[in-house]
Amino acid sequence: MRKKTLIRNVGPWYLVLTVVLLAAVLGSAMVGAVHFTWEEMWQSPIFWNLRLPRIVLAVLVGAALSVCGAAYQSIFRNPLTDPYVLGISSGASLGAAIAILLGLQTFMLGVGASALVTGIFTIVVIYRIASMGNRMHITTLLLTGVCITFLISAIISFLMVLHQDKMDSIIFWTMGSFASATWVDVAFVAPVVALGTATVIYYGRDLNLLLAGSETAKSLGVEVEKVKKRLLLLTTLMVAFCVSSCGVIGFVGLVVPHCIRIVVGPDNRKVVPLSVLVGGIFLLLCDTLARTLMIPAELPVGCLTALVGAPLFIYLLYKNKKTY
């Protein structure tokens, strides 16, 4: 029996969400430690050099993490998976921390490349452990991700103790922030996000078939292992580049795709494009709150996303406990 959805025709919602995103961008640009009127905003260097690149980067990262979450949930056939829960974000942050300690942040691809290497290594370890016996064990998948996250957190803490002069820089990667966003970061992240998002959208039908199981997908003509490896590589690349630009931001990839699936159903041909818009809006609003709630101080944006994501994660665990 087909699962009921709240919205069947999502076409008009693309326009609605695009308008909401543009409104959120303009609203976010006008508020902060320095408030702008509509006329003042377009003439201010603060807007063009500080606030606008931060806004654009927040939208890009929100879209990327949401798309990655949607892809992981289909590949691993579980609504509880996202880059943060699986430990991929933490793995990428370890590479970024090592790059900082080695002074590689002076190179354009130094931090990003290091984050990519450790991010890919993390997903390979998780995939191998969770696929023992040629079957994906969901409990093992989640527990492995949690354990790796704790292990990496311990390693990063140890590195901070040994290199206290660079502690502030490393803490940045573990809490998530767009405070130092520049147009260089936007130019660095945007092509990867565009390529990764386009690829996930292209494989929307294959992701739908993977939800039915690898054997079913294979019988319907999907090159399962090839598709999985390609998508895991590109999504991990997206996560690594996002982490290298703003640090670890958790639960966006869990909250956004799951909520969209509740509304429009499991079809990834709808879920992934909507995740781009909703993810961008969600993270932009969180970042706007992070920099305006305690002016002149600023909250790590990862704290706000966790306040939303952690309770939802607990709820999903409780709701799905019978399947474990």
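Things worth noting here:
- Members of region 201-254 found to be surrounded by fewer than 23 Cβ atoms within 10 Å (Cβ to Cβ), under 20 Å from Val189 (Cα atoms) and β-branched (Val, Ile, Thr), listed by number: Ile201
- Of the helices (runs of 4 or more DSSP H) lying entirely inside region 153-240, those carrying at least 3 residues that are within 22 Å of Ser89 (Cα to Cα) and at pLDDT 90 or above are 183-202.
- You will find that of Val278, Val308, the residue that is part of a helix (DSSP H, G or I), more than 17 Å from Ala64 (Cα to Cα) and out of contact with any strand residue (DSSP E or B) (no Cβ under 7 Å at 6 or more places or on another chain) is Val308 and no other.
- From the options Ile262, Ile281, residue that is within 16 Å of Phe178 (Cα to Cα) and touching a residue at least 40 places away in the same chain (Cβ under 8 Å): Ile281
- Meeting the requirement of 2 or more residues that are closer than 24 Å to Asp267 by Cβ, modelled with pLDDT of 85 or more and not small (Gly, Ala, Ser), the helices (runs of 4 or more DSSP H) wholly within region 1-96 are 11-30, 52-75.
- Number of residues in region 127-152 that are surrounded by 20 or more Cβ atoms within 10 Å (Cβ to Cβ) and modelled with pLDDT of 80 or more: the value is 5.
- Of the residues examined, Gly279 is not one that is on the phi > 0 side of the Ramachandran plot and modelled with pLDDT of 85 or more.
The values are calculated or read from the model by the stated rules, or taken from the named source; none is laboratory data. Note that the structure is a prediction, hence the values are computed from the model and not measured. Cβ atoms come from the backbone with ideal geometry, glycine included; neighbour counts cover every protein chain shown.
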